[in-house]
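Peer 1: Submitted below is the structure of interest, expressed as structure tokens.
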Amino acid sequence: MFDYFANPTRFSKIARLILPWLEIISVACLGYGLYLALLSSPADYQQGDAVRIMYIHVPAAWIALSSYLLLGICAFFFLIWRHPLAEIAARSIAPIGTGFAVITLITGSLWGKPIWGVWWVWDGRLTSMLILFFFFVGYLALSNAFEQTERGARPAAILALIGCINLPIVKFSVDWWHTLHQPASIMRSGGIAIDSSMLWPLFTLFVAFHLLFIVIVLTRMLTVLNERKLQSRMIRS
């Protein structure tokens, strides 16, 4: 299955086929999710309307973590099998994951100020998320540090794999250390701790953000593939 979808020509055909549908569904989910989050869902009895930041902060954090996991998987496939599509996927994922990590840090600070009284604290969750952002930046810097992109692919992939060590720290930091950041409310042993009136908008935006992430990554991959095809044709001519 990996060999089947890893063929650049076949991948391009499939991506172009599903992209229009994914774009429509992602825009619809995003619009509906924002309506639910900003207008339909109730304010929290303690946090008030500040809780609405959660609907952006939490999905963005999920995307930041899952995108780095995908980055690590692509880096692994590239190092083991040296397949160019894995390297192209990693290059396409990295800047998008970086953007979502930035959104996570900014919305976390905006949420923390009215609730905690401070913009930033060096607790386990915030610090490990900042470190994740630095790993994203490090991958981007290494992969673009050389005039020939192929020279930076291997060291960048190695750094991406090293950064995967930080993923469980980000996820379980609120369980390992007592900090200001609230513990898990959805993926926890005691069950979901969020009311359905807030859970549905959160889930809708979770789906919308993931679809949007897929759309952007596929679009970037197609762009890179077309650029490299054009470069190879220019070299041959």
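Derivation of every value follows stated rules applied to the coordinates shown; laboratory data play no part. These figures come from a predicted structure and were not determined experimentally. Using ideal geometry, Cβ is built from the backbone for each residue, glycine included, and neighbour counts are taken over all protein chains shown.
Peer 1: Return one number: the angle in degrees, 0 to 90 and rounded to the nearest 10, between the long axis of the Cα atoms of helix 166-176 and the longest principal axis of the Cα atoms of the chain.
Peer 2: 10 degrees
Peer 1: Nearest 10 degrees, 0 to 90: what angle lies between the long axis of helix 149-163 and the longest principal axis of the chain (Cα atoms)?
Peer 2: The angle comes out near 30 degrees.
Peer 1: Pulled fully out, how much extra length does the chain show between TRP119 and ARG82, if you take 0.36 nm times their separation in residues and subtract their Cα-Cα distance?
Peer 2: Going from the current span to full extension adds 9.0 nm.
Peer 1: With a cut-off of 20 Å, note down the residues of segment 53-75 whose backbone N falls inside the zone around a label point 7 Å from the Cα of ILE131 toward its beta carbon.
Peer 2: Only 61-73 fall inside the zone, counting backbone N under 20 Å.
Peer 1: Still on this model: Cα to Cα, under 18 Å, and not fewer than 8 places away if on the same chain: which lysines meet these conditions relative to LYS229?
Peer 2: LYS13
Peer 1: Per residue and in cubic angstrom, what volume does the convex hull of the Cα atoms of segment 51-225 have?
Peer 2: Spelled out: Cα convex hull of segment 51-225, divided by residues, is 118 Å³.
Peer 1: On to the next question. In the chain, once you exclude exposed chymotrypsin sites (Phe, Trp or Tyr not before Pro) (DSSP loop, at most 16 other Cβ within 10 angstrom), what's the longest stretch remaining?
Peer 2: The longest such stretch corresponds to 46-118.
Peer 1: Hey, another quick one. Output ³J(HN,Hα) for segment 211-218: one whole-Hz value per residue in order, computed from phi by the Karplus curve 6.51 cos²θ - 1.76 cosθ + 1.60 with θ = phi - 60°, and x for Gly and Pro.
Peer 2: Result, rounded to whole Hz: 5, 4, 4, 4, 4, 5, 5, 4.
Peer 1: How much length is gained on full extension from ARG10 to THR223, taking 0.36 nm per residue of separation minus their Cα-Cα distance?
Peer 2: 75.2 nm
Peer 1: Helix 8-35 sits at what angle to the longest principal axis of the chain, using alpha carbons and giving 0 to 90 degrees rounded to 10?
Peer 2: Approximately 20 degrees, to the nearest 10.
Peer 1: Another question about this same structure. Below 8 Å between Cα atoms, with a sequence gap of 6+, how large is the relative contact order for the chain in percent?
Peer 2: Answer for the chain is 31 percent.
Peer 1: Along the charge dipole of the chain, which of VAL118, ILE88, LEU71 sits closest to the positive end, that is, farthest toward it, with unit charges on the beta carbon of Lys, Arg, Asp and Glu (+1, +1, -1, -1)?
Peer 2: ILE88
Peer 1: Mind ranking 86-94, 101-109 by how tightly packed they are, going by the mean number of other C-beta atoms within 10 angstrom, highest first?
Peer 2: Numbers: 86-94: 24.4, 101-109: 19.4.
Ranked from most to least packed, the peptides come out as 86-94, 101-109.
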